[in-house]
Amino acid sequence: MFEQTMQILGFLVYLFVFLVGIAFLVIAFLFVRDVSQTENAVRRNFPVIGRSRAFFERLGEFFRQYFFSMDREEMPFNRAERTWVYRAAKGEDNTIAFGSTRDLRPVGTVIFVNCPYPVLERDVAETEPMTLGPQCAHPYTTSSLFNISAMSYGAISGPAALALSNGARKAGAWMNTGEGGLSPYHLEGGGDLLFQIGTAKYGVCDKPGELSEEKLRAVGSCDQVKMFEIKLSQGAKPGKGGILPAVKVTKEIANIRGIPAGRDSLSPNRHRDVDSASDLLNLIERVRSVTGKPTGFKVVIGAYGWLDELFEDIHARGIESAPDFISVDSGDGGTGAAPMPLMDNVGLPIRESLPLLVDRLGAYGLRDRIKVIASGKMITPADAAWALCAGADFLVSARGFMFALGCIQSLQCNKNTCPTGVTTHNKRLQRGLDPVDKAGRVCRYIVQMRKEIGIIAHSCGVPEPRLLRRAHCRIVTDTGRSVPLEEIYPDVVSPETRAE
C-alpha cells in the first residue's frame, strides 16, 4: 500500500514538473514572440503580461454591465429599460416601489402633464383603426399602434424571425421584413408583413440594385405582405447601405438575396434609380401600381430642404402621387453592423426629426394623406407616448423586440456569436431560442406596451393614445425648468392659411 502511494506521488511530481516545463516553454515562446514583433507596443515593452490587457478590456464590458453600472447609466439601453422589457415580455409584475431612479433634471427630459381628472376605466376608448393607402387596390387597415421594425433574415436568425412573425400575428401587429427579402420564417409565423425594399432590392431584383417587376408582383401577391417600404436610409448608418458580414451569409440567405454565399453582403449607399424627389415618387408609384398595396419610404432626416421639394412635387402631380406613409428613423437607431463614424455622428435624433417632419407635412396640407411611422430607441411606453404627442401615427421598434426575444445586449450582432441565438446562424447557439416560447414573449410585449401607453394617455386626460398632443408633455430646458413641447415646436399652418 505504501509503495502504491509513493508511486502515485512520484507520478504527480513528474506530471507537475512536466506541466511546469511546458508552461515555461510556452511563456518563453510568447516572450520571444512579443519582444520581436513591432505591431503592439504594450506587448513589446511588457512581453507576455501585456497580453492580458485585451482580455481584461473585453471582460470589463461584462463586469460593467452586471456589477458596476447603475440602473440608468448604460448605453445604448440601460438596465432599467431592459428589465422593463424583459418583465413585460414574460408577463411578470412590472410595478416598482419606493421611488423612481430616473433623474428628472437633465436637459431634454420628457415629463407628461397629468390631468386633474384622468380618464375613468369606463370611458377608455379602443384605438381607432387607421387605413394606409385608402386609394390602393389593397389598402391596409390596422389598429395596432406598436409594431416590429425592420430586421432582415440574415441580421437575425431564422428562429428569431419565426418568433417575431408568430408573435406579431398573435398580437395583431405587423412586422417589417428588413431589406434581406422574404424568408420562409416570415411566412411560417403568419404575421402581417411590411416588405422593405433596400438599396440592393434583395428579393425583388434580377441583379442587386435593379428592380424586377415580375418578382415584385410575386411578392405583392402574397396575402401576408400588406405594405411596401422603400428604404432610403437607416438610423445607425445614414449614407451607407446594409452590411451583413460574410460569416453570416449562409447558403439559404444567399439564395434569398441572390448573392454569393460566404461573402460580405454590401448594399449600395442609395438607390441607383433615385436621384431626386421626382425619381422617388416615380419609384413609389411603380411599386404601388405593380403590387396594388400601400407604399412609402423610410428615411433618417439630416438635411431637410429636400422635403419641401418632395411635397411641392406631390402637389404638382396630384395628392394621389404621395407616399402612403413615411417611416422616420432616429440618428441613434440600431443595426447589426455599421461604421462607427456614421453610428455616432450622422443623422438627427427622433426628438428633433419627428416634429420637423410632422410640421412640414402640416404646412403642405399633407398630414392626413401621409401617415407617419416613428422609429428609434422607443422600447418603453414613455418613449412611445412622446412620439404620439409629437405627431406619429404608428410606432415601431427593433431592439425592443430583440430584448423580448432574450437579447442581453452583448453587442456581438455582427460576429455570428450572439449568446442568445437572436443574431447568429450558429445552430448550437440558435438552440437556446425556442420560437414558440419567444413568440409568446413578443406578443406579451406588444400587449403590455399598448396597455401602458394607454395608462399615460389616460393620466393626461385623453381616452386613447392617438389623442395625445404636444400640450400633453413638457421638455426640461437648460434653465432647469420645463416648457411645453408645443412651445418648442408650435403647430404649423398651411401656406394657404398663412397667405390669408
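Coordinate-derived values only; no laboratory data. Source: prediction; values computed, not measured. In this analysis, Cβ positions are derived from the backbone assuming ideal geometry, glycine residues included, and neighbour counts consider all displayed protein chains.
Worth pointing out:
- Mean-position separation - Cα centroids, segment 119-168 and segment 438-480, in angstrom: 16 Å
- Prolate/oblate/rounded label for segment 388-444 (Cα gyration tensor, a/c 1.5): oblate
- Of all lysines in the structure, those lying under 21 Å Cα to Cα from residue 226, and not within fewer than 8 positions of it along the same chain, are 170, 201, 215, 293, 298, 371.
- Cβ charges +1 (Lys, Arg) and -1 (Asp, Glu), total dipole of segment 415-485, debye: 200 debye
- Nearest-ten-degree value, helix 435-459 long axis tilted from longest Cα axis of the chain: 50 degrees
- Using the Cβ-Cβ distance between residue 282 and residue 222 with R0 set to 25 Å, the FRET efficiency works out to roughly 0.55.
- Summed residue charge, Cβ within 11 Å of residue 134's Cβ, Lys/Arg positive, Asp/Glu negative: -1
- Placing R0 at 30 angstrom, the Cβ-Cβ distance between residue 18 and residue 251 gives a FRET efficiency of 0.05 after rounding to 0.05.
- Gyration tensor (alpha-carbon) shape descriptor, segment 132-239, a/c threshold 1.5: rounded
- Global form of segment 291-385, assessed from the alpha-carbon gyration tensor, a/c cut-off 1.5: prolate
- A straight line joining the Cα centroids of segment 215-292 and segment 78-107 runs 36 Å.
- Charge tally in the Cβ shell below 9 Å around residue 192, where Lys, Arg are +1 and Asp, Glu are -1, residue 192 excluded: +2
- Net charge, residue 421 excluded, C-beta distance under 10 Å - Lys, Arg +1, Asp, Glu -1: +3
- FRET efficiency for residue 3 and residue 344, using Cβ-Cβ distance with R0 set to 60 Å, rounded to 0.05: 0.30
- Calculated [θ] (222 nm, deg cm²/dmol) that DSSP helices of n ≥ 4 give over the chain, each run adding -39,500 (n - 2.57): -12500 deg cm²/dmol
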